[in-house]
Amino acid sequence: MDHSANSIPKVLIFDSGVGGLSVYQQIQARYPQLDYLYLFDNEAYPYGELPEQVLIERVVKLVANIVTKQRIDIVVIACNTASTIVLPHLRQALNIPVVGVVPAIKPAAAISKQAIGLIATPATVKRPYTHDLISQFSSGVKVKLLGSTRLVMMAEEKLRGKTVNLDELKETLLPLINKIDVAVLGCTHFPLLRSEIQQVFGSKVTLIDSGEAIAMRVGAVLQVESQKNSQSKKNHYSIYSSAAPWDGAALNKGLEHFGFSPVEILQFQDA
Ligand code: DGL
């Protein structure tokens, strides 16, 4: 890709909520020289409970709309639930690269000696895409599925400053406790709860997500070098939502730590 000296490539990160921040964090840490813009569709959150057709239409409409208004060089669908079905539709609608995120079954299978737990949204654990991924890449290792929207909500709450209730987390993860040695965080919200999930499972369970692989993919597509060790500066990237977020003041405070300005509501015209 050709980037002239004064055009810094701009990365659009998209999710239903704050989960995409876990992916953004990985990309930004590796490529701090890029520009970032974040869009979340909180009006239709949680994606894990939406009918497929509604989800496809929303994502294509919202992303195409922002791409026409802003100069975006690459779209990252930082949401497993959306990526498992919308990528072909989005690629057809846009003429810039689109990178998606899918559960990291393959690296999990490479290290598991017992069984893998795939923790994702209720929609992701049901999708044929996920089941194909498992049959193609699990190398015969047993994969136990756990779909939960409550976990997604807990990540949203944590970002707004609420302490995670470990008893509730334990209860949610109970079907997998002592039954797996590798857990795949198959929803981008879940790495935001990494330390708490690790605490509940214990140190013998390895947690795997797709953030780093996505970051490397973005770098490869944009043909940019990692500047991982460059000095970090305070950023004020823009972040848009499709509706007024709940507990906006607490959310903005959380977002500031990630280098974002306060949330702006996307002025969205129907095509
Ligand atoms: N962060 C999303 C994912 O990776 C979805 C959360 C939701 O809206 O249900 O699947």
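Just a few scattered comments:
- Yes/no for residue 191 being within 14 Å of the ligand (Cβ to nearest atom) and touching a residue at least 12 places away in the same chain (Cβ under 8 Å): yes
- When the range 78-99 is filtered for residues that are within 14 Å of the chain's Cα centre (by Cα) and not aliphatic (A, V, I, L, M), the ones remaining, listed by number, are 79, 80, 81, 83, 84.
- Options 75, 67, 102; residue that is within 20 Å of the chain's Cα centre (by Cα), modelled with pLDDT under 95 and closer than 26 Å to residue 240 by Cα: 102
- Tally of residues being in a helix (DSSP H, G or I) and either surrounded by 20 or more Cβ atoms within 10 Å (Cβ to Cβ) or away from the ligand (no atom under 15 Å from the Cβ) (or both) across the range 39-84: 21
- Residue match in the range 15-23 (condition: among the hydrophobic types (A, V, I, L, M, F, W, C), surrounded by fewer than 23 Cβ atoms within 10 Å (Cβ to Cβ) and either at pLDDT 95 or above or not in a loop (DSSP other than H, G, I, E, B) (or both)): no
- In the range 105-115 there is at least one residue matching the filter, namely being over 30 Å from residue 256 (Cα atoms), hydrophobic (A, V, I, L, M, F, W, C), open to solvent by 30 Å² or more (accessible area, probe 1.4 Å) and away from the ligand (no atom under 14 Å from the Cβ).
- Output for the range 225-244, where each listed residue is modelled with pLDDT of 90 or more and open to solvent by 30 Å² or more (accessible area, probe 1.4 Å): 225, 226, 227, 236, 238, 240, 244
- Residue in the range 127-137 that is closer than 26 Å to residue 42 by Cβ, part of a helix (DSSP H, G or I) and acidic (Asp, Glu) present: no
- Residue within the range 24-34 that is within 21 Å of residue 88 (Cα to Cα) and within 13 Å of the ligand (Cβ to nearest atom) present: no
- Scanning the range 85-104 for residues that are small (Gly, Ala, Ser) and either under 20 Å from residue 18 (Cα atoms) or buried (at least 19 other Cβ atoms within 10 Å of the Cβ) (or both) yields 100, 104.
- Scan of the range 123-150 for residues that are closer than 24 Å to residue 199 by Cβ and within 16 Å of the ligand (Cβ to nearest atom), ordered by number: 124, 125, 145, 146, 147, 148, 149, 150
- Across the range 156-180, the number of residues qualifying as within 16 Å of the ligand (Cβ to nearest atom) and β-branched (Val, Ile, Thr) comes to 1.
- The single residue among 185, 159, 169 that is open to solvent by less than 30 Å² (accessible area, probe 1.4 Å) and closer than 23 Å to residue 110 by Cβ turns out to be 185.
- When residues in the range 69-84 are screened for being of a type outside the set (S, T, N, Q) and within 15 Å of residue 22 (Cα to Cα), 4 of them pass.
- For residue 152: the one exception among (1) more than 18 Å from the chain's Cα centre (by Cα); (2) in a helix (DSSP H, G or I): (1)
- The lone exception for residue 153 - which of (1) more than 10 Å from the ligand (Cβ to nearest atom); (2) closer than 14 Å to residue 17 by Cα it fails: (1)
The values are calculated or read from the model by the stated rules, or taken from the named source; none is laboratory data. What you see is a predicted model; the values in this text were computed from it and never measured. All Cβ positions, even for glycine, are placed from backbone atoms using ideal geometry, and neighbour counts span all protein chains on display. Keep in mind that these areas ignore ligands, DNA and RNA; they rest on the heavy atoms of the full protein, side chains included. Shrake-Rupley method; radii C 1.70, N 1.55, O 1.52, S 1.80 Å.
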